[in-house]
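Throughout, read-outs are computed from the coordinates displayed, never taken from laboratory work. Since this is a predicted model, take the numbers as computed values, not measurements. With ideal geometry, Cβ positions are generated from the backbone for all residues, glycine too; neighbour counts draw on all protein chains shown.
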Amino acid sequence: MPEIGIGIVGGGYMGKAHSVAMSAVGAVFNTALRPQLEVICASSTESAERYRAAYGFQRATDDWRALVEDPKVDAIVIASPQETHRHIAEAAFAIGKPVLCEKPLGASLEDSLAMTRAAEDAGVVNMVGFNYIRTPASQYARKLIADGEIGDITWFRGEHTEDFYADPDAPATWRTTGMANGTIGDLAPHMVNGALALIGPIAQVMADVETVHRTRPGGEVTNDDHAQMMCRFENGVMGNLYFSRVATGRKMGYAYEISGTKGAIRFDQEDQNALWLYRREGPEGQRGFTKILTGPAHPDYEPFCQGPGHGTGYQDQIIIEAKDFLKAIHTGNPIWPTFRDGHEVNRVLAAALASSDQRQWKDISDF
């Protein structure tokens, strides 16, 4: 089978996840292209070499330009901080190399637009790393909605809530500095992407963004702790979204509820292998939400395990993502979510910030 050389910029949390995914995806999904880990890039030669040895890359560098230009690197994964995304992606597209970029796309709306235009002008495969919507359960939820199983959608509620800063005595770090590292920059993109995937484009937003703990041991907090957002989708559906890093007790609260004229759906990432489905049919006394455990009958599950209810995990989401990226490269056909989709998420969040600042509804079309 044809091999494809992979270069990954960033060796930390997500760099490791993508490295493991590229090592495993060929065996899991029997992909037409088989990834070879060629170059890993980190902020220093020492850390790059450490990641190289740990993850199994052929070479290490502290210069992302060297990685992009390496003749054995055919495709690039960007898993470095947002402020680095634009220059790396633009350099890769300039020489025709596909890019999978971690969310959010770039450090600003200007960045994501420039990256999207560079990708589209080059005609090169591009994807954004929104992994949570790729669970078999959420893929199945998308299918149920598309097939009309719960009727016309009337309401959506989504959240991405965690509690890693719920303790006011937790020290200030890089996460508490700069809006790109706040809740709107870090957690909100996942659920906005989920809302777009499940319901469709958002037309208007009214948001309230707040810093709960303005100082922490070691410094001032310069970004947001949580935010709420009312929205109206282009198809008329009413929505409500909430994002928080101070939601005490929530560890991975990527969750949504969807109401339709014929039924409803519930999902919570903390129980990622279950989807709750309600059908408005039969005697009232026998109706109720049914817990569906994911299994081989659901999208992208069977390659991992042939037993229903055994479950998939976080790393498996990244492997599914790698499979989609390789398929897009092999076929030459774009696979959702592209950079254009990532830019749409950033437009919604830019409108939310403006809405919070000006205390009024904002149209997404203005951003």
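Here the stretch 282-357 and the stretch 1-57 have alpha carbon centers that stand 22 Å from each other. Checking the cross-link pairs Lys262/Lys291; Lys72/Lys97; Lys143/Lys262; Lys291/Lys327 against a 20 Å limit on the alpha carbon distance flags Lys291/Lys327 as lying beyond it. Only Cα pairs under 8 Å and 6+ residues apart enter the sum, and on that basis the relative contact order of the chain stands at 19 percent. Inverting the pair-averaged 1/r between distinct Cα atoms of the chain gives 21.3 Å as its Kirkwood hydrodynamic radius.
Straight-line reach from Lys362: taking Cα to Cα under 19 Å and skipping same-chain neighbours fewer than 8 places apart, the aspartates and glutamates in range are Glu110, Asp208, Glu210, Glu234, Glu344. Modelled spin labels at Glu270 and Asp163, positioned 7 Å past Cα toward Cβ, are 0.7 nm from each other.
Each residue of the stretch 293-299 is assigned a 3J(HN,Hα), and the resulting list reads 8, 5, x, x, 6, 10, x Hz, derived from the Karplus form 6.51 cos²θ - 1.76 cosθ + 1.60 (θ = phi - 60°), x at Gly and Pro.
The slack in the chain from His330 to Met230, taken as 0.36 nm per residue of separation less the alpha-carbon distance, amounts to 32.0 nm. Quick check for you: which residues of the stretch 224-238 have the amide N under 16 Å from the point 7 Å beyond the Cα of Trp361 toward its beta carbon? The answer is 229-238.
Listed by chain and number, the aspartates and glutamates whose C-alpha is less than 13 Å from the C-alpha of Lys251, apart from same-chain residues fewer than 8 away, are Glu159, Glu162, Asp163, Asp268, Glu270, Asp271. With neighbour counts taken as other beta-carbon atoms within 10 Å, the residues Leu144, Leu187 rank, fewest first, as Leu144, Leu187. Seen from every direction in turn and averaged, the convex hull around the alpha carbons of the stretch 3-131 projects onto 7.2 nm².
Site pair Thr45 and Lys291 shows an inter-label distance of 5.5 nm when each label is modelled 7 Å from Cα along Cα→Cβ.
Just round it to a whole percent: the fraction of Cα-Cα distances in the stretch 244-329 exceeding 21 Å. Cα-Cα pairs of the stretch 244-329 separated by over 21 Å account for 47 percent. Rounded to 0.05, the FRET efficiency of the Asp62 and Glu257 pair, given R0 = 56 Å and the Cβ-Cβ distance, is 0.75. Computed from phi, the 3J(HN,Hα) profile of the stretch 243-250 under the Karplus parametrisation 6.51, -1.76, 1.60 (θ = phi - 60°) reads 10, 7, 10, 10, 7, 3, x, 8 Hz, with x in place of Gly and Pro. Amide H to amide H, with H built 1.01 Å from N, Asp224 comes under 5 Å of Gly182, Thr183, Ile184, counting only residues 5 or more places away or on other chains.
Taking a ≥ b ≥ c as the square roots of the eigenvalues of the alpha-carbon gyration tensor, the stretch 31-100 is classed oblate because a/c is 1.5 or more while a/b is no larger than b/c. Across the stretch 154-169, rounded Karplus estimates of 3J(HN,Hα) from the backbone phi angles (6.51 cos²θ - 1.76 cosθ + 1.60, θ = phi - 60°) give 10, 7, 9, 10, x, 8, 10, 10, 9, 10, 5, 10, 5, 6, x, 8 Hz, Gly and Pro being marked x.
Residues Val28, Val348, arranged from fewest to most other Cβ atoms within 10 angstrom of their Cβ, appear as Val28, Val348.
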